[in-house]
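The values are calculated or read from the model by the stated rules, or taken from the named source; none is laboratory data. Owing to the predicted nature of the structure, the values given are computational and were not obtained by experimental measurement. Here Cβ is always computed from backbone atoms with ideal geometry, including for glycine, and neighbour counts include all displayed protein chains.
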Amino acid sequence: MKQGPVYTIVFAFLLTAVFTSVLAVADAFYAPKIAENVVLAERRDVLYALGLDGTGDAATLNARFDAQVAKKTVGGVEVYEQNPVEGPYGIAVPFTGSGLWGTIRGYLAVSSDFSRIVGIVFTEQQETPGLGGRIDELQYKEQFRGVPITGAKIVYGSNGDREIDAVTGATVTSNAVLRIVNDVLDNTLPKLEVTP
Amino acid sequence: MKESVRSVIQRNLWSDNQVVRQILGICSSLAVTNFMSNSLVMGLGLTFTTALSSLTLSALRNAIPRRIRMIVQTLVIAVYVILVDVFIKANLPDISKALGPYVGLIITNCIIMGRAEAYAQKNPPFLSMLDGLFAGLGYTVVLMILATVREIMGFGSVFGVDINFLHLPTWTIMVMPPAAFFLIATMIWIMSNVLSTKKPAAPAPAPAPAPAAMPGKEATT
């Protein structure tokens, strides 16, 4: 049998080389497209958080994004700011915090006068699918629109004139989201206020 | 002795179904069956991987040194899984986001290595590919049955479309992994009964008992 150690080693080397080359080619071929998808997903999420139209194909969405939103650094925080319109406009502030299983990232959009939350979006989360993962559903995210920022903590139940419900069966994730939101309001917003 | 195509299909979809007869791939059956769409993509991803890895391993079967065959199997399986993952990320970004880590976890699915060990290393490429293909489809069918029951009872929806017109209360337990345990156990029980009341199966060219299950990687959350 041709099963000596030399054959085994040569075979292992060759096979690994062939298969990793296949992967390298596939990766190089798809990398630009994947990078584009990542940017596009981020832009769609930011538009959603700002309460703007985040639907449509790549070209429409990019055009709309460029026309309506600008990336700025305010008080050391990189935010996406809606180009000023009449009345208060939105500012999307990035956040990172820990959920039940992993990191939750996303954007919390607040109005430019810091009086209300404009919207929330999660760009990355590894919560339990079907339970904590449901924070990604519109039913949950839409509840944050228009919640007044009063200095008091945002809680489940009533917040001024708005109600927010937790996700049933996902207490840890729901609480994690509130903790992150309150952290943004308490710690990140003051940084933005420094520069008018 | 070559197995007939018909026998490969019948065995994988029914009499030796990977999940309810061989009790393999249980980990992912628990984790991804609360939504029908997730189950479908998972099942198809696994089917693709099992078919192609069985084909490749079978084609190489006379060249693979026995001592490192498991490492080679893992390598080949991993390559196909990564290809699936990259393809989904590039072309179906939304589904990729919904499935998150599940696609990568196909690598740890016991069924793929089970087919490689039990079948592909002693059978010709075409039959091995069919065997992998139908093993995957058998898995997909079981997953879809579980997901249908769980999604309807747990969320009142089918493929994400709400059908709970009467607003009946949904069962949270159905969304959680224990529900899949009950349902799989019930299916195993029914299958055993159905198959044992028939005349003892013809001496099917039964595959060698599958190797010990690989460590389940799925978090049973």
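Here are the numbers for this structure:
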read-out: Strands (runs of 3 or more DSSP E) within segment A:54-112 that include 2 or more residues more than 16 Å from the chain's Cα centre (by Cα); value: A:69-74
read-out: Matching residues in segment A:140-182 - criterion: being within 14 Å of A:Leu108 (Cα to Cα), part of a loop (DSSP other than H, G, I, E, B) and touching a Phe, Trp or Tyr at 6+ places or on another chain (Cβ under 7 Å); value: A:Ile149
read-out: Which numbered condition A:Gly4 misses (of (1) at pLDDT below 90; (2) facing another protein chain (nearest Cβ under 9 Å); (3) crowded, with 17+ Cβ neighbours inside 10 Å); value: (3)
read-out: Search result, residues across segment B:81-100 that are at the interface with chain A (Cβ under 7 Å from one of its Cβ atoms) and in a helix (DSSP H, G or I); value: B:Ile82, B:Leu83, B:Val86, B:Lys89, B:Ala90, B:Pro93
read-out: Pair list, Cβ < 8 Å and 6+ apart or interchain, from segment B:165-176 residues that are facing chain A (nearest Cβ under 9 Å) and among the hydroxyl-bearing types (Ser, Thr, Tyr) to residues that are surrounded by 15 or more Cβ atoms within 10 Å (Cβ to Cβ) and part of a loop (DSSP other than H, G, I, E, B); value: B:Thr172/A:Gly169
read-out: Only listed residue being within 14 Å of chain A (Cβ to nearest Cβ) and at pLDDT 90 or above, chosen from B:Leu130, B:Leu146, B:Leu137, B:Leu183; value: B:Leu146
read-out: Conditions (1) closer than 21 Å to B:Ala90 by Cα; (2) surrounded by fewer than 19 Cβ atoms within 10 Å (Cβ to Cβ); (3) in contact with a helix residue (DSSP H, G or I) (Cβ under 8 Å, 6 or more places away or on another chain): number failed by A:Asn83; value: (1)
read-out: Set A:Val39, A:Val10, A:Val74: member being surrounded by 11 or more Cβ atoms within 10 Å (Cβ to Cβ) and in contact (Cβ under 8 Å) with a residue 24 or more places away in the chain; value: A:Val74
read-out: Among the candidates B:Arg66, B:Arg61, residue that is out of contact with any strand residue (DSSP E or B) (no Cβ under 6 Å at 6 or more places or on another chain) and away from chain A (no Cβ under 12 Å); value: B:Arg61
read-out: Qualifying residue in segment B:33-47 (condition: of a type in the set (Phe, Trp, Tyr) and within 12 Å of the chain's Cα centre (by Cα)); value: no
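Yes/no per residue for (1) closer than 24 Å to B:Met36 by Cβ; (2) of a type in the set (A, V, I, L, M):
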| site | (1), (2) |
| --- | --- |
| A:Thr123 | no, no |
| A:Pro129 | yes, no |
| A:Arg134 | yes, no |
| A:Lys141 | yes, no |
| A:Ile149 | no, yes |
| A:Gly160 | no, no |
| A:Asp165 | no, no |
| A:Thr173 | yes, no |
| A:Arg179 | no, no |
